[in-house]
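One structure is given below, encoded as C-alpha cells.
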Amino acid sequence: MLLFEETSLANLTIKNKIFRAATSETAANENGDITENLIDFYRKLAKGGTGLIFTGHMYVEKEGQYAPYQVGLTEHNNLNRLRDLVSAVHEFNVPIIAELSHCGSQTMMSDVNTKAPSVLPNLIYGNQPFELSEKEIAQLINKFKKSASIAMLAGFDGIHIHGGNGYLISQFSSPITNRRKDRWGGTSDNRNRFFLEIYKAIRKEIGPNKFISARVGIKDVQPNGLSKNEGVDRVKILQNLGINAVEPTFNLMNTYRDNIKPFAGNSRLKSFLSGTFIFDKLKIQNHQEGYYLTLCDELRLNGVTIPKILVGGVRTLTFMEQVLLEKRADFFALSRPFIREPNLVEKIKLQKTNQVACVSCNMCFKHEGYHQTQCWRTNISSIIRHLLFSLRHSLNN
Ligand SMILES: Cc1cc2nc3c(=O)[nH]c(=O)nc-3n(C[C@H](O)[C@H](O)[C@H](O)COP(=O)(O)O)c2cc1C
Ligand code: SF4
C-alpha cells in the first residue's frame with residue numbers, strides 16, 4: 001500500500017503518509033509553557049503511529065497569541081519543557097514540526113492590542129487593530145526567526161509556517177486587509193514580502209538542510225480578495241527559495257467553518273445520525289472528502305513540484321490511496337479525526353477500519369481556548385457537558 005511505504009521528506013524519514021495536522025491544544029499553562037497534559041497528549045499521538053506531527057500553532061510573541069492556553073515559542077517560554085515534549089514524541093520515531101504563527105487581528109484574547117497591516121476591523125472577531133510600522137514589521141520577522149531558533153534548540157525536526165486561515169501572514173497577503181502604500185502593500189510583490197521575508201529569515205537561521213514547510217493561503221473566500229493565480233505564484237516563489245513542502249488552504253475566511261468544514265466526508269445519513277445538525281441551524285451541510293484537493297491540483301498543474309500535503313476533510317483509506325495513485329497529493333494531514341482517535345493510523349494499518357470515527361461535527365473546535373482539545377461525543381456525560389457549555393457561551397463561529 002502506497003500509504004504505508006516508508007519515504008523521505010527533505011531530511012526526514014517518514015514511516016507513513018498520514019500526518020497529524022496542526023491542531024491547537026488549549027493545554028499550555030497561562031504563560032504558554034508546556035504542561036504534563038500536553039506531553040501526554042502528544043505521546044499518545046506519536047504512539048498511535050502517525051507519520052509526522054505538526055504541532056498546534058505556537059505564537060512568536062505574546063501579542064500574537066490567538067487563544068488562551070496556547071503554546072508560546074518565545075524566549076520567555078521554558079526551553080526544557082519544550083525539550084520534554086519533543087523527546088516524548090521522538091521516543092516513537094515520529095518527526096515533530098513546530099507550527100509558528102502570529103494571529104494579527106484574528107484573536108480571542110481580550111487583553112491584547114492587536115496588530116495588522118492596516119486599520120480594518122477583523123473579519124471574524126471585529127477587533128480593531130493598530131497599523132504596524134515598518135520598524136515593527138522588521139521586529140516581527142525577527143521574532144519568527146528567534147522562535148525558529150528556539151525550536152531547533154528544543155530539538156524540533158523542522159518548522160511549519162502558518163501562512164493561511166486569516167492570521168497575520170494572510171492579512172498581509174490579501175488586498176482586502178492590506179491597504180498599505182509602502183513596500184509591504186499594494187502590488188502582489190509587496191503583499192508577498194512579509195511571508196517571503198519570514199521564510200528567508202527562518203531558512204538562514206536554521207540552515208539549508210532543515211525541513212521547512214508552510215500552510216499557504218492560496219485564495220480568499222471573498223470574491224474580491226486574493227486570487228488563486230496570485231496564491232499559486234506565491235507558492236512557486238517559495239519553491240524557488242527552497243521550501244520543502246506546501247499545505248494549501250484558504251487565505252482570508254468569513255468564519256472558521258470555511259476551513260474547518262462541518263460534516264466533511266460524511267454521507268448525508270451519517271451527518272443526520274450524528275444529531276448535531278439540530279444545533280447547527282437545522283442544516284446538514286455535507287462537504288466533500290478532501291475539500292482542498294482542487295487547490296493541490298492547481299499547484300500541480302501550474303508547475304509546483306515540491307510535495308503537497310492535503311489537509312481538510314480527509315476521511316478514508318480508499319480516498320487517500322486513490323489520491324496517491326493519481327499523484328494528486330503526496331501526504332495527508334488530518335486534524336479532527338486524530339482528536340477522536342489518536343491511534344487512528346494503527347487502526348487503519350491493521351485494517352480495522354477504512355473510515356475515521358470522527359463525524360466532523362465541530363463540537364471540539366467550539367471549546368478552543370476554554371477546555372483541552374478533545375472529542376466531546378465519546379460518551380453521554382461529555383455530550384451533556386458540551387450542551388451546558390454551549391448554553392453559557394456564545395461560541396466561536
Ligand atoms: C480544534 C482545532 C484546532 C485547530 N488548530 C489549528 C492550528 O493550531 N493550526 C492550524 O494550522 N490549523 C488548525 N486547525 C485546522 C486544522 O489543521 C485543519 O485545517 C481543519 O480542521 C480541517 O482538517 P480536518 O477536516 O482533518 O479536521 C484546527 C482545527 C481544529 C478542529
Ligand atoms: S467533537 Fe469529535 S466527532 Fe466532533 S469533530 Fe470533534 S473529534 Fe470529530
task: Grab the DSSP H runs of the chain that are 4 residues or longer, score each as -39,500 (n - 2.57), total them, divide by all residues and round the 222 nm result to the nearest 500 deg cm²/dmol.
output: -10000 deg cm²/dmol
- line: Expected unfolding gain across Thr318-Asp297 under the 0.36 nm per residue rule, minus the alpha-carbon gap, is 5.7 nm
- request: Just add up the charged neighbours of Ala138: K/R +1, D/E -1, any other residue whose Cβ is under 14 Å from the Cβ of Ala138.
  value: +3
Radius of gyration and Dmax over the Cα atoms of the chain, both given in Å: 19.6, 57
- line: Sorted largest first, the C-alpha extents of the range 167-233 along its principal axes in whole angstrom are 38, 24, 20
Mean projection area, nm², convex hull over Cα of the range 145-192: 4.1
- prompt: Which pairs in the list Lys17/Lys236; Lys219/Lys270; Lys219/Lys261 are over 19 Å apart, alpha-carbon to alpha-carbon?
  reply: Lys17/Lys236; Lys219/Lys270
message: Between Glu326 and Asn190, what is 0.36 nm times their sequence separation minus the Cα-Cα distance? Round to one decimal in nm.
response: 45.4 nm
field: Label zone at Val119 (point 7 Å along Cα-to-Cβ), backbone N below 18 Å, the range 170-207
entry: 177-182, 185
message: Taking 30 Å as R0, compute the FRET efficiency from the Cβ-Cβ separation of Glu134 and Leu79 and round it to 0.05.
response: 0.45
message: What are the equivalent ellipsoid semi-axes of the range 1-91, built from the alpha-carbon gyration tensor (square roots of five times its eigenvalues), in whole angstrom, biggest first?
response: 27, 13, 12
Fully extended contour minus Cα-Cα distance, from Thr305 to Arg257, at 0.36 nm per residue: 14.3 nm
message: What are the equivalent ellipsoid semi-axes of the range 167-296, built from the alpha-carbon gyration tensor (square roots of five times its eigenvalues), in whole angstrom, biggest first?
response: 33, 18, 11
query: Considering every Cα-Cα pair within the range 106-218, what fraction, in whole percent, is farther apart than 16 Å?
result: 60
task: Mind checking which lysines have their Cα closer than 23 Å to the Cα of Lys15? Skip sequence neighbours fewer than 8 apart in that chain.
output: Lys44, Lys47, Lys210, Lys308, Lys327, Lys347, Lys349, Lys352
field: Residue of Gly166, Gly56, Gly303 that the Gaussian network model of the chain assigns the largest fluctuation, springs spanning Cα pairs under 10 Å
entry: Gly303
- request: Would you please give the FRET efficiency between Ile383 and Ser227, computed as 1/(1 + (r/R0)^6) with r the Cβ-Cβ distance and R0 = 51 Å, to the nearest 0.05?
  value: 0.75
statement: With x for Gly and Pro, the residue-by-residue ³J(HN,Hα) of the range 60-71, computed from phi through the Karplus equation 6.51 cos²θ - 1.76 cosθ + 1.60 at θ = phi - 60° and given in whole Hz, is 8, 7, 4, 6, x, 6, 8, 9, x, 6, 7, 7
- prompt: Once you sort the root eigenvalues of the Cα gyration tensor of the range 298-397 as a ≥ b ≥ c, which label holds: rounded (a/c under 1.5), prolate (a/b larger than b/c) or oblate (the other case)?
  reply: oblate
For Tyr66, Tyr370, order by how many other beta-carbon atoms lie within 10 Å, fewest first: Tyr370, Tyr66
query: What nm distance separates the two modelled labels at Asn93 and Leu391, each placed 7 Å from Cα along Cα→Cβ?
result: 5.1
task: Calculate the spin-label point distance for Asp111 paired with Arg183, positioning each point 7 Å from the Cα along the beta-carbon direction, and give it in nanometres.
output: 3.8
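We did not get these values from a lab; they are worked out from the coordinates using the rules stated. Given the structure is predicted, the values throughout are model-derived calculations rather than measurements. Positions of Cβ are backbone-derived with ideal geometry, glycine not excepted, and every protein chain shown enters the neighbour counts.
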